[in-house]
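Below: one structure, written as structure tokens.
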Amino acid sequence: MADWVAGFQSLLGFEEILYLSLGIAIGLFVGVLPGIGGTTALVLLTPFTFSLEPVQAFALAAGIMGSTSMGGVVTAILLNTPGQTANAVTCLDGFPLAQQGKAGYAIGAAASSNALGGMIGIISLLAIMPLAGQLVMAFGPPEFFLLAVLGLVLVATTARGRMFRALITTAFGLALATVGFSDVTGQERFTFGNEYLWDGVHLAPALIGLFAVAEMVQLTVKGGSVAKAGAPAAITGMFDGLMASIRNWGTLLRGSVIGTVVGIIPGIGGTVASFLSYGITVQSAKDPETFGKGNIKGIIATEAAINAKDGSMLIPTLAFGIPGSAEMAVFMTILVLHGMQPGPLMMMQNQVEIYGLIWALTAACVISAAVGIFLARPLAKLTRIDVQLLAPVIIAVGFVGSYAIDLSIENVLITAIFGVIGYVMIKFDYPRLPLVIAIVLGGIAERNFHQSMMMSDGDLSMFLGRAVSVVLLVSIALSLLAPNLKPLRRAAAMRRAAGGERFKRKIGG
Amino acid sequence: MKSLWGVPFYRYLPAAILLVAAIVYFVTSLGYNPDARLFPLLIGATLLALLPLDLVAISRTSIGDKIRVWFNPADATPDEKDEEEERPLKRHVQALLFVFLLIALMYLCGILAAIPIYVASSVRFLGGRSWPIALIMAVSVGLSCYVLFTVALQTDLYPGILFN
């Protein structure tokens with residue numbers, strides 16, 4: 001308790017507040033820019049943190065980590081362009097709401113679920129901390145493989161009415177994930193002699209192409225503005241949006257729990273958290289057909305999960321020295337720069353700094369949501385701008401952002417190629433999201449599948465001999481069957497009703 | 001427009017191109033060592049199974065209808081397509097050509113020179129705005145990119161092969 005208070009007090013200095021505010025401002029700013037994520041911002045600022053006190057450095061890092069998601073929400077809802085990979089799911093219901101003139105409602109809901117989800121994640125972090133070890137140890141390669149498969153299946157089944165094509169794009173994404181050096185054998189695959197492809201298909205440039213460029217090209221072809229003609233111009237319903245996450249507290253809580261659990265598992269990340277949360281929310285909803293057309297629960301579930309994972313992601317990083325994501329890997333570098341070695345020893349020796357970090361992350365979640373709401377009105381006006389003026393700006397900034405990720409002109413080419421692929425997918429009705437998630441999860445799935453096979457000498461039955469594996473297998477089976485069960489039941493009910501009618505006619509006749 | 005099994009020919013193109021790519025992918029993966037090719041072969045085989053079915057599912061035939069219903073749960077009606085009229089092919093090609101113009105300019109003249117040229121030409125010719133608006137937009141976006149990336153983020157933007 002004393003450490004908790006001391007951690008809070010350590011943040012109250014002028015400079016600490018200044019660096020936290022700076023981190024939040026940077027996080028919101030880079031979050032809005034498609035392709036430049038929190039990881040890039042952290043990497044760029046790492047050398048700068050060396051001259052700061054540890055708590056100041058943590059305040060800066062926490063500010064960035066806790067606010068990028070909120071920045072990404074704004075572009076995801078207003079422009080259908082996710083600022084962060086994880087925000088891609090927010091587009092599904094956020095953009096349709098913006099098109100209906102309900103951008104304020106969507107941003108309000110996203111902000112409140114972002115803040116509340118973040119806080120629930122941090123409370124979970126404090127509660128789970130003592131049990132973290134056992135939980136992480138329960139996940140071996142077979143569980144990681146099955147978790148990746150579950151993520152893929154959920155994504156495919158949430159593409160309602162296009163499940164077949166979602167499976168195709170998932171397989172296409174998995175194929176793209178095999179490009180580059182094999183993690184298992186070190187062999188170069190599908191690079192055709194191109195050095196740039198050694199590291200595989202670079203995700204960030206591909207995402208900018210698939211979402212930002214493809215969407216802007218489509219808008220250019222259509223003309224008009226992002227918001228559909230006839231939609232009310234005023235940004236109203238912000239307060240309703242804020243309250244929506246409280247009214248839908250079940251969705252909020254479920255999203256936060258999913259985000260927390262996924263965050264604990266290293267290497268999975270916010271994208272899976274958001275997809276899982278969205279998929280489960282759609283599958284458990286009474287009105288699944290409304291998702292993807294502007295259902296506020298889709299935004300609440302996604303945003304709560306994204307921010308909840310930020311807190312829990314610290315568990316493997318701080319307790320075991322296992323970074324849960326690229327962002328956490330960079331953050332670990334900052335810890336080491338300040339003489340702290342993440343692991344069990346740090347948990348005992350640096351309690352004040354850890355609690356200071358947790359407080360900073362909490363503050364970042366809440367402040368960035370408030371600032372996001374404050375900025376939403378002017379930013380929402382973006383949807384009223386003629387796309388012929390807006391699209392060239394987004395396309396240009398997207399391409400420069402793609403280059404700036406690692407100063408590679410090949411990134412620009414990848415963005416262009418994926419821009420064309422994305423545009424063709426829009427025009428021919430192939431869902432794009434399964435492609436992205438498959439690229440993200442492909443490497444994880446392959447690596448863990450091989451490790452599982454090595455553990456069991458190629459015996460597939462090992463997946464049935466582990467409790468967590470069995471739970472995951474059952475979840476996969478249910479996810480595949482669930483979308484088909486409802487129509488089957490409905491068809492059976494219709495058959496029964498038709499049979500009854502025939503019977504009545506027979507008796508009447 | 002030529003049609004095949006009740007559907008315009010061009011509707012089959014993406015699946016057909018993807019099928020060719022899947023064949024190349026499958027054949028290429030056969031050349032890798034057994035551990036490295038296991039996953040690609042599984043993926044390739046899946047694509048080779050799914051894509052012909054997709055080609056049939058596109059068609060307006062009884063088998064195509066069955067595949068569509070079987071693989072897409074009956075309660076899930078496809079997302080409502082945009083009811084807006086389909087734009088002429090020329091418009092799609094123009095929009096994509098401008099993106100390629102940007103890439104070519106970036107590669108040749110560098111990023112900072114390419115952006116104003118792209119923005120000005122896009123606003124003027126695709127957007128149909130006047131030259132003054134196009135030029136104001138071009139200068140604003142070019143300057144913003146310079147301040148953001150070169151000054152604030154200290155990023156050395158690509159100078160282009162002509163000026164490198």
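Every number in this text was worked out from the coordinates using simple rules, so none of it is lab data. A quick note: this is a predicted structure, and the numbers were derived from the prediction, not measured. For neighbour counting, all protein chains shown are included, and Cβ atoms are generated from backbone atoms with ideal geometry for every residue, glycine included.
For the stretch B:3-71, just say rounded, prolate or oblate: build the C-alpha gyration tensor, square-root its eigenvalues into a ≥ b ≥ c, call rounded for a/c under 1.5, and beyond that prolate if a/b exceeds b/c, oblate if not.
Here the stretch B:3-71 falls in the oblate category.
How do B:89, A:375, A:207 line up, fewest other C-beta atoms within 10 Å first?
B:89, A:375, A:207
With θ set to phi - 60°, apply the Karplus curve 6.51 cos²θ - 1.76 cosθ + 1.60 along the stretch A:114-120 and write out the HN-Hα couplings as whole Hz, x wherever there is a Gly or Pro.
For the stretch A:114-120, the Karplus curve yields 4, 5, 5, x, x, 5, 4 Hz.
For the stretch A:404-420, take each phi angle, set θ = phi - 60°, evaluate the Karplus expression 6.51 cos²θ - 1.76 cosθ + 1.60, and give the result in whole Hz per residue in order, putting x for glycine and proline.
Each residue of the stretch A:404-420 in turn: 5, 4, 9, 6, 10, 6, 5, 4, 5, 5, 4, 4, 5, 4, 6, x, 5 Hz.
For the stretch B:3-71, calculate the relative contact order in percent as a whole number, restricting contacts to Cα pairs under 8 Å that are 6 or more residues apart.
Relative contact order for the stretch B:3-71 comes out at 38 percent.
Pop the C-beta distance of residue A:329 and residue A:459 into the FRET formula with R0 = 41 Å and round what comes out to the nearest 0.05.
It comes out at approximately 0.80.
Can you put A:91, A:365, B:145 in order of Cβ neighbours within 10 angstrom, beginning with the fewest?
In order of increasing Cβ crowding within 10 Å: B:145, A:91, A:365.
From the square roots a ≥ b ≥ c of the eigenvalues of the alpha-carbon gyration tensor of the stretch B:89-152, which class results: rounded (a/c under 1.5), prolate (a/b over b/c), or oblate?
Oblate, since a/c reaches 1.5 and b/c is not below a/b.
Give the long-range amide H neighbours of residue B:158: residues separated by 5 or more places, or on another chain, with amide H under 5 Å away, using H modelled in the peptide plane at 1.01 Å from N.
Those qualifying (amide H under 5 Å, at least 5 residues apart or on another chain) are B:111.
Calculate, in nm to one decimal, what residue A:496 and residue A:6 gain on full extension: separation in residues at 0.36 nm each, minus their alpha carbon distance.
The residue A:496-residue A:6 span can extend by a further 169.6 nm.
List B:99, A:153, A:468, A:89 from most exposed to least, where exposure is judged by having the fewest other Cβ atoms within 10 Å. Each step should come with its number before you reach the end.
On the way: B:99 26, A:153 20, A:468 15, A:89 32.
Taking fewest neighbouring Cβ atoms as first place, the list is A:468, A:153, B:99, A:89.
Name the long-range amide H neighbours of residue B:4: under 5 Å, sequence gap of 5 or more, or other chain; modelled H, no Pro or chain starts.
Under 5 Å from the amide H of residue B:4: B:9.
So who's got an amide H within less than 5 Å of the one on residue A:189, skipping anything under 5 residues away but keeping other chains? H placed 1.01 Å off N, in plane.
A:180, A:181, A:182
Rounded to the nearest 500, what is the 222 nm mean residue ellipticity of chain B from helices alone, with -39500 (n - 2.57) per DSSP H run of 4+ residues and division by all residues?
Details: 6 runs with 99 residues, N = 164.
One gets -20000 deg cm²/dmol as the mean residue ellipticity at 222 nm.
What is the mean number of Cβ atoms from other protein chains located within 10 Å of the Cβ atom of each residue in peptide B:133-146, rounded to a whole number?
2
Once you average over the residues of A:406-417, how many Cβ atoms of partner chains fall within 10 Å of each Cβ?
3
Please give the average number of partner chain Cβ atoms lying within 10 Å of the Cβ of each residue in B:99-106, rounded to a whole number.
5
Given R₀ = 56 Å, what would the calculated FRET efficiency be for residue B:97 paired with residue A:351, taking r from the Cβ atoms and rounding to 0.05?
With a Förster radius of 56 Å, E is 0.40.
How far apart, in nm, are two points set 7 Å out from the Cα along the Cα-to-Cβ line at residue B:89 and at residue A:370?
Distance between label points: 5.8 nm.
Please find the FRET efficiency linking residue B:33 to residue A:468, where r is the Cβ-Cβ separation and R0 is fixed at 35 Å, and quote it to the nearest 0.05.
After rounding, the FRET efficiency stands at 0.65.
Return the subset of A:102/A:309; A:297/A:427; A:222/A:286; A:102/A:293 for which the Cα-Cα distance in this structure is over 22 Å, preserving the input order.
A:102/A:309; A:297/A:427; A:222/A:286
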